[in-house]
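Presented below is the structure to which this report refers.
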Amino acid sequence: MSEEPNTTGAPEISQARSFSHTATVASASPLAGSATADLHVTPFRAGTAAKRLIEADDAQHALEPEPAPYSVTGRLARYGLPALRYLLQTEVHTYAFSVAANSILSFFPFIVLLLTVTRRVFHSTQMYNVLLEVLRQYLPSNQDFVIRNLEFLASVKGRGQALSFVILLITSTGIFLPLEVALNSIWGFKTNRSYLMNQVVALGLAVACGTLALLSVAATAQNLRYLGLAMSGHTLVFRGLEFVLLKVTAIVPSIAIYFLIYWLLPNGRVPVRAVLPAAIIMGLLLEAVKYLYIRALPWLNFQEVYGPFSVSVTLIFWSFLSGLMLLLGAYLSAAQHSARLQARQNPD
């Protein structure tokens with residue numbers, strides 16, 4: 001779509017207006033003619049989406065159809081190469097490795113707390129067993145070794161559970177702090193939260209993730225109970241439905257967590273419509289990538305290189321891949337939203 005000359009001499013995009021909410025975000029500045037023309041050549045550059053957010057209220061257009069539908073191949077051609085260039089940037093790998101390291105530090109205390117709550121607060125053996133099975137579905141390798149040690153840590157009475165909670169509070173900040181900086185860069189929000197506010201947001205997201213996990217496990221345990229009563233004598237059918245339920249229990253919280261991170265973590269207004277599809281797609285794609293990663297593990301042969309530390313290395317690399325996918329989903333959601341608003345501004 002070619003750009004019409006501006007006969008009035010004014011910029012194509014109007015003067016920037018600040019967001020009408022309490023969070024401090026950057027106001028959008030007018031794009032120069034060369035920058036606007038470059039946007040037509042390069043579909044999306046990090047930071048341009050925030051400049052376009054103030055041009056239209058997303059809620060006002062929530063029910064409108066997409067202005068320019070593309071086929072799968074068309075979308076790959078439009079967004080594939082810019083997304084690949086984004087993933088190859090040095091800071092993206094820095095963010096992903098930071099997330100991976102802190103994910104490992106927080107993963108084990110998080111699971112220990114969930115096992116402790118299901119056993120000692122809810123006193124539910126079925127929830128406890130479902131949580132272990134979901135954990136088995138999530139882990140890419142060495143499931144028995146990891147689960148056996150986590151069960152031991154959760155069974156030991158003492159200060160371990162309290163220390164797990166304290167460590168979780170500290171390490172969760174290490175996950176969400178680099179993610180906030182990365183998401184702010186993607187959406188073009190120039191002001192990051194203060195350290196204290198980031199702590200508050202990180203704590204809220206950690207509690208939300210734990211609550212979602214417990215609710216999902218509780219619902220699955222109840223459904224399996226009813227399913228067992230209804231399918232008494234049909235073991236094969238029950239096993240198949242049980243597998244599907246456990247997969248859903250593993251995937252749905254991942255989608256919900258991705259959505260909360262995409263929506264709440266950036267220090268500015270991000271429309272629900274812009275990030276919900278990305279959260280769903282990335283949550284499903286994460287499961288597919290996990291199976292590819294499992295297939296590649298014998299070829300990677302971490303055991304030969306790292307010996308007894310191969311379990312930790314396997315989980316770190318998996319967390320790194322998950323972090324890259326999370327950032328990729330955020331990038332594509334911002335790109336799609338930027339293109340949608342651009343199409344509204346230039347309907348011809």
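Computed quantities for the displayed model
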{"read-out": "Residue match in region 153-165 (condition: under 24 Å from residue 104 (Cβ atoms), touching a Phe, Trp or Tyr at 6+ places or on another chain (Cβ under 8 Å), modelled with pLDDT of 80 or more and assigned to a helix (DSSP H, G or I))", "value": "yes"}
{"read-out": "When residues of region 322-335 are limited to those that are surrounded by fewer than 22 Cβ atoms within 10 Å (Cβ to Cβ) and in contact (Cβ under 8 Å) with a residue 60 or more places away in the chain, the one farthest from residue 142 (Cα to Cα)", "value": "328"}
{"read-out": "Set 208, 219: member being surrounded by fewer than 17 Cβ atoms within 10 Å (Cβ to Cβ), within 23 Å of residue 333 (Cα to Cα) and among the hydrophobic types (A, V, I, L, M, F, W, C)", "value": "208"}
{"read-out": "Any hit, region 287-296, residues being over 10 Å from the mean Cα position of the chain (by Cα), within 21 Å of residue 104 (Cβ to Cβ) and charged (D, E, K, R)", "value": "yes"}
{"read-out": "Those residues of region 298-348 which are closer than 29 Å to residue 274 by Cα and polar (S, T, N, Q), in sequence order", "value": "319, 322, 333, 336, 338, 342, 345, 346"}
{"read-out": "Number of the condition not met by residue 214 [criteria: (1) of a type outside the set (Asp, Glu); (2) in contact (Cβ under 8 Å) with a residue 40 or more places away in the chain; (3) out of contact with any Ser or Thr (no Cβ under 9 Å at 6 or more places or on another chain); (4) not in a loop (DSSP other than H, G, I, E, B)]", "value": "(3)"}
{"read-out": "Residue ID - surrounded by the fewest Cβ atoms within 10 Å (Cβ to Cβ), chosen from residues in region 297-320 that are under 23 Å from the mean Cα position of the chain (by Cα) and touching a residue at least 40 places away in the same chain (Cβ under 8 Å)", "value": "312"}
{"read-out": "Subset of region 233-259 [among the small types (Gly, Ala, Ser) and either part of a helix (DSSP H, G or I) or touching a Leu at 6+ places or on another chain (Cβ under 8 Å) (or both)]", "value": "240, 250, 254, 256"}
{"read-out": "Condition check for residue 203: in contact with a helix residue (DSSP H, G or I) (Cβ under 8 Å, 6 or more places away or on another chain), surrounded by fewer than 17 Cβ atoms within 10 Å (Cβ to Cβ) and in a helix (DSSP H, G or I)", "value": "yes"}
{"read-out": "Set 135, 84: member being under 19 Å from the mean Cα position of the chain (by Cα) and within 21 Å of residue 205 (Cα to Cα)", "value": "135"}
{"read-out": "Members of region 216-256 that are hydroxyl-bearing (Ser, Thr, Tyr) and under 16 Å from residue 129 (Cα atoms)", "value": "216, 220, 226, 249"}
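Here is a yes/no grid of residues against (1) of a type in the set (Gly, Ala, Ser); (2) within 24 Å of residue 338 (Cα to Cα); (3) buried (at least 21 other Cβ atoms within 10 Å of the Cβ):
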{"position": "175", "(1), (2), (3)": "no, no, yes"}
{"position": "189", "(1), (2), (3)": "no, yes, yes"}
{"position": "195", "(1), (2), (3)": "no, no, no"}
{"position": "212", "(1), (2), (3)": "no, no, no"}
{"position": "215", "(1), (2), (3)": "no, no, no"}
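The values are calculated or read from the model by the stated rules, or taken from the named source; none is laboratory data. Worth saying up front: this structure is predicted, and the values here are computed from it rather than measured. Ideal geometry is used to build each Cβ from the backbone, glycine not excepted, and the neighbour counts take in all protein chains shown.
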